[in-house]
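Each remark here refers to the structure printed beneath this line.
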Amino acid sequence: MRYSALKILTQGLTGNKGWTPVWREPEPQAEYDIIVIGGGGHGLSTAYYLAKEFGEKRVAVLEKGWLGSGNIGRNTTIIRSNYLLEGNQPFYEMSLKLWEGLEQDFNYNAMVSQRGIMNLIHSDPQRDAFVRRGNAMRLSGADAVILDRDGIREKAPFLDFDNGRFPIQGAIWQPRGGTVRHDAVAWGYARGADSRGVDIIQNCEVTGFQIENGVCSGVETSKGAIKAKKVAVCVAGSSSRVMETAGMRVPIESHVLQAFVTEGLKPVIPGVITFGAGHFYVSQSDKGGLVFGGDIDGYNTYAQRGNLPVVEDVCEGGMAIMPMIGRARLLRMWGGVMDMSMDGSPFIDRTHIDGLYFNGGWCYGGFKATPASGFCYAHLLSTGSPHPTATAYRLDRFRQGRQIDEKGMGNQPNLH
Ligand SMILES: Cc1cc2nc3c(=O)[nH]c(=O)nc-3n(C[C@H](O)[C@H](O)[C@H](O)COP(=O)(O)OP(=O)(O)OC[C@H]3O[C@@H](n4cnc5c(N)ncnc54)[C@H](O)[C@@H]3O)c2cc1C
């Protein structure tokens, strides 16, 4: 069923009886050409582009829970392409361009809202670093503007410009950054993939791989064994656990990241604002809640809830740049398990096992990458060669000394 204004009108006038389910609930077949493990944003977008752009006909997505139960439905919804390094910036710009046409492309309202993202500057060296980043962004075709204090005041007069410890000196502003309704992205991709024949199988956990003589020919699941010519892992925070069952140790640790939402307020935050002297980012949802977050919890865990020291740290960041946030009442908070790679950058690659592919290491920035990740992974799976924009995301880059260390932190997953 195609959605349109006319459809809503006619359904509204006829008792809303004609809507059909957004995707089917098929039983798994005995064999597929390509199995994608993980029905999060990246798995679903991979399946969508496999079917739509590469004409793959026999594709299944196996999801152990329900669609949207992972990080795709838990993130703070920020999209941007404000990276510095060559391995990253063009990829994230490709993703932002895909976001811009996404709703028309998959005919679903994902509430893509390009209200801009503003990273605050609190010191002279930080200004130099952000100007350099802005230049890198512009070289890749992205948009970047350096704002002075008056420029920021026009957009966000409520900020604490003369905070004793962290006075605001300026900002880097990406007008095309913004937010997207996260779970609608999962539903939109699922609907688009399903309508092109992809089987999306929920409550189907992959428990192992069929590997013989270095070749992967299928998976073991809670619904039985399924054969496949290619198996594409895409399980975000569960990457290490799933790859372990294939006998592989990936350069990834799992950490929890928390998110927070306040009661609904009148419109106040113009887009996304981030604190430059700590870790705090905030936007406002269309329902009015302030949506914010900060750093990951610094220890390894698979629990989808975090601890109070990080809550305190996040709230301190908020109070430092906008003290009025202290008067908002917090409604909800939750956590998601992040696949933190050693250098803070992701992987889209084949493994040393024939037929087994890996996509992961998205850290706490993988939501914005959802479209490009799916497109590039589908390209690799279908054509056998990496997409030109994602050639740096190799699994062996640590052995080669080609880390993509955006923050310059070294091999410290909890610091990226
Ligand atoms: C609190 C929070 C805030 C964030 N904020 C942002 C942000 O503002 N901007 C941004 O760009 N990124 C953000 N992120 C990161 C982003 O959400 C993730 O990087 C991204 O969603 C990960 O990819 P995914 O959507 O495919 O993951 P998921 O949705 O987690 O998908 C993985 C799926 O694999 C399934 N799975 C796992 N094991 C198996 C198995 N054995 N068999 C079958 N299925 C399995 C899981 O159930 C899950 O559904 C945030 C994350 C969190 C938690």
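The numbers here are math on the coordinates, done by the rules we state, and not lab data. Keep in mind that this is a model prediction, so the values were computed, not measured. Backbone-built Cβ (ideal geometry, glycine too); neighbour counts: all protein chains shown.
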> What number in nm² do you get for region 152-204 if you take the convex hull of its Cα atoms and divide its surface by four?
Replying inline: 7.4 nm²
> Relative contact order for region 199-264: what is it in percent, counting Cα pairs under 8 Å that are at least 6 residues apart?
Replying inline: 22 percent
>> At a 10 angstrom cut-off on C-beta neighbours, averaged per residue, how do the peptides 141-148, 9-16, 264-271, 374-381 rank from highest to lowest?
In response: 374-381, 141-148, 264-271, 9-16
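Based on the Kirkwood radius over alpha-carbon pairs, what is the Stokes-Einstein translational diffusion coefficient of the chain at 37 °C with 0.692 mPa s viscosity, in µm²/s? Please report the intermediate quantities before stating the final value.
Details: Rh = 22.1 Å.
The calculation lands on 149 µm²/s.
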>> Straight-line reach from residue 64: which lysines fall under 26 Å, measuring Cα to Cα and dropping same-chain residues less than 8 apart?
In response: 52, 223, 227, 229, 230, 368
> For region 119-254, taking Cα atoms only, what is the radius of gyration to one decimal and the Dmax to the nearest whole Å?
Replying inline: 23.7, 65
> What ranking do 286-292, 192-198, 365-371 get when scored by the average of other Cβ atoms within 10 Å per residue, highest first?
Replying inline: 365-371, 192-198, 286-292
> How big is the gap, in Å, between the Cα center of region 1-67 and the Cα center of region 364-416?
Replying inline: 26 Å
